[in-house]
Every structure is written in structure tokens, then in C-alpha cells.
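Structure, as C-alpha cells:
The values are calculated or read from the model by the stated rules, or taken from the named source; none is laboratory data. Bear in mind the structure is a predicted one, so any value in this text is a computation, not a measurement. Cβ coordinates were reconstructed from backbone atoms using ideal geometry, including for glycine residues, and neighbour counts include every protein chain displayed. Side chains are part of the model used for accessible areas, which takes the heavy atoms of the whole protein and leaves out ligands, DNA and RNA. Shrake-Rupley method; radii C 1.70, N 1.55, O 1.52, S 1.80 Å.
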Amino acid sequence: LNNLAAIKAKGVDAVVCVSVNDVHVMKAWAKTNDALDKITFLADGSAEFTKAVDLVLDATGGGMGIRSLRYSMIVKDGVVQTLNIEDSPGNADISGADALLKQL
């Protein structure tokens, strides 16, 4: 959200957040962060998209089940131009907005 205006100024049509959560969690997350009409939040409850793009994080050992790796991507006309995958689930250095801005 802090970099949304700068990202849009680079010609980005939409910023989308995909997470292996249900639609209610995603809506609450968007609402809590005052992002309802700013970022599109997509629920991937069964991890079907996450599995299809091979970005699964198996956190069953920690009681979290199948999750998604932390990543960002730039998609142009339906084609992934850039894919940034974090080395560690708790980081957002490689996938964060600052990194994306430099790539746009």
C-alpha cells in the first residue's frame, strides 16, 4: 500500500494479492489494511493456483498445512515477465514493492 501510487505510476493496471486462505480471511485482511478498493485480494483456499504455478510451501510439519511461498510477479498480457521468490518465508526483500519498482 505504501508504494501503490508509485507502482501504478509505472503503468501497472492492477496489484493483486493471492494467498492460500479462504475468501473471508482475504476480505478481512483487505478491510483491516484499508485496501478493499486498492488491491485485489484473491483467495486460493485449496491452493489450486499455488500448486499450478509450483509455488507451494509445505508447512505441514509446523501445523500450517500447504501454504504459498512468498513471491511477487510482474505479468504482462497474461505472461509472467518477472518472478521473485523469497529465500525465507518471513522475508519480503526479494518480493517486496521496492524490488518490484526497480523492475518496472
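Annotation note: Cβ proximity below 8 Å between a residue of segment 34-46 that is touching a residue at least 12 places away in the same chain (Cβ under 8 Å) and a residue that is in a loop (DSSP other than H, G, I, E, B) and β-branched (Val, Ile, Thr) (sequence gap 6+ or interchain) occurs for Lys38/Val15; Ile39/Val15; Thr40/Val15; Asp44/Val20; Gly45/Val20. Just to be sure, is Ala14 open to solvent by less than 80 Å² (accessible area, probe 1.4 Å) and within 20 Å of Gly96 (Cα to Cα)? Answer is yes for this residue. Return the total of residues in segment 18-49 being open to solvent by 50 Å² or more (accessible area, probe 1.4 Å) and assigned to a loop (DSSP other than H, G, I, E, B). So the count comes out to 8. Picking from residues in segment 69-96 that are of a type in the set (Asp, Glu) and open to solvent by 50 Å² or more (accessible area, probe 1.4 Å), the one that is farthest from Val20 (Cα to Cα) is Asp77. In the set (1) in a strand (DSSP E or B); (2) open to solvent by less than 50 Å² (accessible area, probe 1.4 Å), the condition left unmet by Ile66 is number (2).
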